[in-house]
Amino acid sequence: MIRAVVFDLGGVLASGEGVTSEPAKLLGVPEEEFAELYWAGRADYDSGASDREYWAPILTALGKPAAVETIQQLAKLDADLWLRLRPAARSLLADLRAAGLTLAVLTNAPFNLDVGLLDADFADEVDGWFVSASMGVGKPERAAYLRVAEVLELEPYEIAFIDDKQANVEGAERAGLVGHLWVSDAETRDWLISLGVLPEGF
């Protein structure tokens, strides 16, 4: 029996719209150039690299001063953009909570997003937030999923996990969770209904 539903954040609950265009506009640089640098070092940032370790090389490569104020501004903007949940995703969370499910988010993300959660208007809409940088381990590592199960005090097979990356879904399944590759909100809702997590027509 599924007792909890755990979601990825970026690409599933949040679209990440503007994560490269808005900072590029702020810095006055081409988005394509900024985006290449942004994604190149993202894995290290999500694994726990500091704001300065991540943003300073980007600014230097763009010919911009790596000022403390600029780094802080970029880190905050980045967190704010990733913490914009889509209305349909929030509706699904509300329906799952009304159905009595435990809800959590497991995301590969940096410390700045964990800090940003303190001011997020939806932070209390889920029961647990698991951020890779703060945990010291991320998806698709087995330990990340087992940490979630441990904190939620559930067996892995009692948890449904939804992610938009196949490798992360497969990692969850290897850890014993019931995994699902996110395609759309409607398709995800249908899958949850098929599991008996949500009633028909909910």
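The values are calculated or read from the model by the stated rules, or taken from the named source; none is laboratory data. Note that the structure is predicted; figures quoted are calculated from it, not measured. Quick reminder, even Gly has a Cβ in these numbers, built from the backbone with ideal geometry, and neighbours come from all protein chains shown. Accessible surface is based on the protein model in full, side chains and every heavy atom, while ligands, DNA and RNA are left aside. Shrake-Rupley method; radii C 1.70, N 1.55, O 1.52, S 1.80 Å.
Restricting to the range 1-47, name every residue that is farther than 18 Å from residue 81 by Cβ, touching a residue at least 24 places away in the same chain (Cβ under 8 Å) and in a loop (DSSP other than H, G, I, E, B).
1, 2, 3, 47
Within the range 26-49, track down each residue that is open to solvent by 70 Å² or more (accessible area, probe 1.4 Å) and in contact with a Phe, Trp or Tyr (Cβ under 9 Å, 6 or more places away or on another chain).
Residue satisfying the conditions is 44 alone.
Would you pick out the residues in the range 134-160 that are within 14 Å of residue 105 (Cα to Cα) and small (Gly, Ala, Ser)?
134, 138, 144, 149, 160
If a residue counts only when it is of a type in the set (A, V, I, L, M, F, W, C) and without any contact (Cβ under 8 Å) to a residue 60 or more places away in the chain, which helices (runs of 4 or more DSSP H) contained entirely in the range 117-202 have at least 2 such residues?
142-152, 166-174, 185-194
Just give me the residues in the range 89-116 being of a type outside the set (Ser, Thr, Tyr) and not in a helix (DSSP H, G or I), in sequence order.
Residues satisfying the conditions are 99, 100, 101, 103, 104, 105, 106, 108, 109, 110.
Quick check: is even one residue across the range 33-53 touching a helix residue (DSSP H, G or I) at 6+ places or on another chain (Cβ under 9 Å) and on the phi > 0 side of the Ramachandran plot?
yes
When the range 119-133 is examined, which residues are found to be touching a helix residue (DSSP H, G or I) at 6+ places or on another chain (Cβ under 8 Å) and open to solvent by 60 Å² or more (accessible area, probe 1.4 Å)?
Selection gives 127 alone.
Which residue out of 68, 12, 5 is more than 30 Å from residue 157 (Cα to Cα) and of a type in the set (Val, Ile, Thr)?
One residue alone meets the criteria, 68.
Is the range 68-77 home to any residue that is under 29 Å from residue 150 (Cα atoms), open to solvent by less than 30 Å² (accessible area, probe 1.4 Å) and within 18 Å of the chain's Cα centre (by Cα)?
No, the range 68-77 contains no residue that is under 29 Å from residue 150 (Cα atoms), open to solvent by less than 30 Å² (accessible area, probe 1.4 Å) and within 18 Å of the chain's Cα centre (by Cα).
State whether one or more residues within the range 141-149 are touching a Lys or Arg at 6+ places or on another chain (Cβ under 7 Å), closer than 27 Å to residue 183 by Cβ and not charged (D, E, K, R).
no
Just to be sure I understand the filter: pairs with C-beta atoms under 7 Å, separated by 6 or more residues or on different chains, first member in the range 84-104 and polar (S, T, N, Q), second member open to solvent by 50 Å² or more (accessible area, probe 1.4 Å). Which pairs pass?
102/3; 102/127
Going through 60, 102 one at a time, which residue ends up being more than 30 Å from residue 198 (Cβ to Cβ), open to solvent by 20 Å² or more (accessible area, probe 1.4 Å) and among the polar types (S, T, N, Q)?
Every option except 60 fails the conditions.
Out of all the residues in the range 48-88, which are at pLDDT 95 or above and either in contact with a Cys (Cβ under 8 Å, 6 or more places away or on another chain) or assigned to a loop (DSSP other than H, G, I, E, B) (or both)?
Passing the criteria: 48, 49, 50, 62, 63, 64, 65, 66, 67.
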